[in-house]
Amino acid sequence: MGIAKTGSRLWAGLLLACAGAQAHAASRDLYFVTQLFPPFITQDADGRLDGALVAILREACRRSSWNCTVQAMVWKRALLTISQGGADGLVLAQDAPERRAVMELSKPVLASSYGLYVKTNSSLRYRQPGDLAGKTIAVYGPSLSQTNSERLVQGVAGVNLTVELDPETVLRKLAAGRYGNNAVAFSNDDVARYWIRRDGLGNLRKLAEVKQLTYLYGFTRSRVKPGMLETFNMALDGMCRDGSLARLAAPSGIRLATCR
């Protein structure tokens, strides 16, 4: 009788241990959403997502013993998915009130900036936002690019803000003169560099840098579990120390954020 009871207890303990292991393993299956945003997030000919932020995420997840999947979608849908708790995290986040409202943010990973772009024959000079008075400003949105462009020209007289569905359209239309002679594009500098080279837009030039920024990863607050963010940040620290961050960012030509 004692042996039977002992066996039953051992079997019950084994079942509980297996259930706990399964629950623990399931907690490491994470689903991230994002948008295509070259050169940070790209897609190869087979439809596989790539780019610096995706490559760094995959390596950080591997070091954290997580199974992470990433799906690209329209940006508005990606943000809605996060706000409704439909995904574990967002690839391509900034440290902004709009993101902190629903997410826990990782350490900064990549550094970039916002800039103003004009046609090479433009006579416009930029020293302060007031220099944009009466100009057409083209920007991609809805996005933080649009939000930051609106903040830049707040209170500036006569600005006509034109919003397009993607950064490539903004730069192509600017190059083609579709916005008129007084037009300026507001764009992420790395994104602009990518599309100017990719589409051969040699008649565009950078007018000025207006804001520096960093990109990181957002974890949906309603789904993040204790210790998850700390584990992820420890993986990023290790990748910083052994040079993996620099190696994975190099093909995209993007600078690292402060890496110690």
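A few points about this structure:
- For the chain, modelled as a GNM whose springs connect Cα atoms under 10 angstrom apart, the maximal fluctuation among 34, 231, 220 occurs at 231.
- The relative contact order of the chain comes to 27 percent, based on Cα pairs under 8 Å that sit 6 or more residues apart.
- Gaussian network model of the chain, springs between alpha carbon atoms under 10 Å - residue of 109, 224, 139 with greatest fluctuation: 224
- Charge dipole (debye, nearest 20) of segment 95-193; +1 at Cβ of Lys and Arg, -1 at Cβ of Asp and Glu: 340 debye
- Within the same chain, lysines fewer than 8 places from residue 225 are excluded, and of the rest, those with a Cα less than 23 Å from its Cα are 107.
- Under a model in which nothing but the beta-carbon of Lys, Arg (+1) and Asp, Glu (-1) is charged, segment 106-260 shows a dipole of about 160 debye around its Cα centre.
- Per-pair calculated FRET efficiency, R0 = 51 Å: residue 84 and residue 126 via Cβ, rounded to 0.05: 0.80
- Surface composition of the chain: carbon and sulfur make up 51 percent of the accessible area, probe 1.4 Å.
- Taking a ≥ b ≥ c as the square roots of the Cα gyration tensor eigenvalues, segment 150-214 comes out oblate, since a/c reaches at least 1.5 and a/b does not exceed b/c.
- Relative to one another, the C-alpha centroids of segment 142-170 and segment 29-54 are positioned 25 Å apart.
- For the chain, built as a Gaussian network whose Cα springs stay under 10 Å, the top-fluctuating residue of 86, 177, 47: 47
- Top positive-direction residue, dipole computed over the chain with Cβ charges, set 105, 175, 224: 105
- If only the Cβ of Lys and Arg carry +1 and only the Cβ of Asp and Glu carry -1, the dipole of segment 195-260 around its Cα centre is close to 180 debye.
- Unsatisfied cross-links (Cα-Cα over 18 Å) in the set 135/173; 135/206; 76/119; 76/135: 76/119; 76/135
- Shape of segment 118-184, Cα gyration tensor, a/c cut at 1.5: oblate
The values are calculated or read from the model by the stated rules, or taken from the named source; none is laboratory data. The shown structure was predicted, so the numbers you read here are calculated from the model rather than taken from an experiment. All Cβ positions, glycine included, derive from the backbone under ideal geometry; neighbour counts span all protein chains shown. Areas reflect the complete protein model, heavy atoms only, side chains present, ligands, DNA and RNA absent. Shrake-Rupley method; radii C 1.70, N 1.55, O 1.52, S 1.80 Å.
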